[in-house]
1. When both residues are 6+ apart or on different chains and their Cβ atoms are under 6 Å apart, which pairs have a first residue that lies in the range 138-152 and is modelled with pLDDT under 95, and a second that is part of a strand (DSSP E or B) and among the aliphatic types (A, V, I, L, M)?
2. How about the range 82-99: which of its residues are without any contact (Cβ under 8 Å) to a residue 60 or more places away in the chain and either within 11 Å of the chain's Cα centre (by Cα) or in a helix (DSSP H, G or I) (or both)?
3. Could you tell me how many of the residues in the range 100-114 are part of a loop (DSSP other than H, G, I, E, B) and surrounded by fewer than 21 Cβ atoms within 10 Å (Cβ to Cβ)?
4. Here is a list: Arg227, Arg254. Which entry is touching a strand residue (DSSP E or B) at 6+ places or on another chain (Cβ under 8 Å), surrounded by fewer than 18 Cβ atoms within 10 Å (Cβ to Cβ) and touching a residue at least 60 places away in the same chain (Cβ under 8 Å)?
5. Looking only at residues in the range 82-99 that are in contact with a Ser or Thr (Cβ under 6 Å, 6 or more places away or on another chain) and closer than 27 Å to Phe171 by Cα, which one is surrounded by the fewest Cβ atoms within 10 Å (Cβ to Cβ)?
6. Given the conditions (1) closer than 23 Å to Cys223 by Cα; (2) in contact with a His (Cβ under 6 Å, 6 or more places away or on another chain), and given that Tyr67 satisfies all but one, which numbered condition is not satisfied?
7. In the set Arg186, Arg241, Arg227, which member is closer than 21 Å to Lys264 by Cα and not β-branched (Val, Ile, Thr)?
Amino acid sequence: MDKSQKKRSELKLLYDMLAIRRFEEKAQQQYQMQKIGGFLHLYIGQEAVAVGSVAGCRPEDYLITAYRDHGHALARGMGMNECMAEIFGKATGCSKGLGGSMHYFDKKNNMMGGHAIVGGHIPLAAGLGFASKYRGEDRVTLCYMGDGAINIGSFHEALNMAGLWKLPVIFVCENNQFAMGTAAGRSNPLKEIVDRGAGYAMPSLVMDGMDVRAVRDTIGDVCAKIRKSPEPYWIECRTYRYRGHSMSDPATYRTKEELEKHKKDDPITNFSTTLLKEGVLTEEEYKKMDAEVKALAAESVAFAESSPEPPLEDLHKYTLPPLNPDYQPVATTPEIAKQNPFNC
């Protein structure tokens, strides 16, 4: 990578984090104006995790996450218009307005969904990894979860199978310090969340979720190792959310002093300051970049407001897949069985 390519790469990291921040701020504003209903879980403060990890993997790698999914979707290449329209419940949304904030999905970008049930998506990640290994692909699945998901039954079942079958999955725990309003230390007998990986014979590590470069480089290194020799990894990504669990949460379980302390680690402020010091970014470039993403966020609201509601008859249209009268089950032959890489 030459100097100009490296600069573009670094500036894109900043641009993508800014885009997520401005989108989330605009979504918060629209929610407070009662234009958005249901739940809204903001990603403000955690932008470096999604942006850095997406930069460290390939476009063909799978991403799957929980309900705080806006950041992952935007980092993966989904547009602000389809994302904002979705939380407005409009037909032009990425899930046709039927999923809302917690159910972003985009097959073409291998964004395999935000999922509302805590821990419910973790077995799906194991399934994606199983499929990749079975097909002989070098795809990696990145599965994100909050620290609150690690005490859910499906978490243990999925990681146990992933460890047993050496599935190419990176399980990323976005430890933002609180499971809703419960501090991580009050719900886990282990002092360090990273130690959970040992129970499933997984290589485990901690990364600084407030440093986008650290996240990018760590995920890049782990992906490279998995492509050479498939196995799951457990990563505790230490980060912090600057808003409550959701828009209905006043976050009274933490002090103002604690919040202000963590704001000094703001991933956007710190990274932009670093780029300015390194001469990669100028003040003028930063202002132009910020103005651009603010304009895009405003445009996404206008797009969502002008978009049509989904037709009433579509309410249950996608609940079940359409029946295929020509479906024939694939017979398992001894030849196919020999190709099974799982010895099961």
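1. Asp147/Ala179; Gly148/Ala179
2. Correct list: Glu82, Glu86.
3. Of the residues in that region, 3 qualify.
4. Exactly one of Arg227, Arg254 is touching a strand residue (DSSP E or B) at 6+ places or on another chain (Cβ under 8 Å), surrounded by fewer than 18 Cβ atoms within 10 Å (Cβ to Cβ) and touching a residue at least 60 places away in the same chain (Cβ under 8 Å), namely Arg254.
5. Ile87
6. (1)
7. Arg241
Rundown of residues vs (1) touching a Phe, Trp or Tyr at 6+ places or on another chain (Cβ under 6 Å); (2) closer than 18 Å to Tyr31 by Cα; (3) in a helix (DSSP H, G or I), yes/no style:
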{"position": "Lys277", "(1), (2), (3)": "no, no, yes"}
{"position": "Lys287", "(1), (2), (3)": "no, no, yes"}
{"position": "Val293", "(1), (2), (3)": "no, no, yes"}
{"position": "Ala297", "(1), (2), (3)": "yes, yes, yes"}
{"position": "Val301", "(1), (2), (3)": "no, yes, yes"}
{"position": "Pro310", "(1), (2), (3)": "no, no, no"}
{"position": "Glu313", "(1), (2), (3)": "no, no, yes"}
{"position": "Leu320", "(1), (2), (3)": "no, no, no"}
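The values are calculated or read from the model by the stated rules, or taken from the named source; none is laboratory data. Keep in mind that this is a model prediction, so the values were computed, not measured. All Cβ positions, glycine included, derive from the backbone under ideal geometry; neighbour counts span all protein chains shown.
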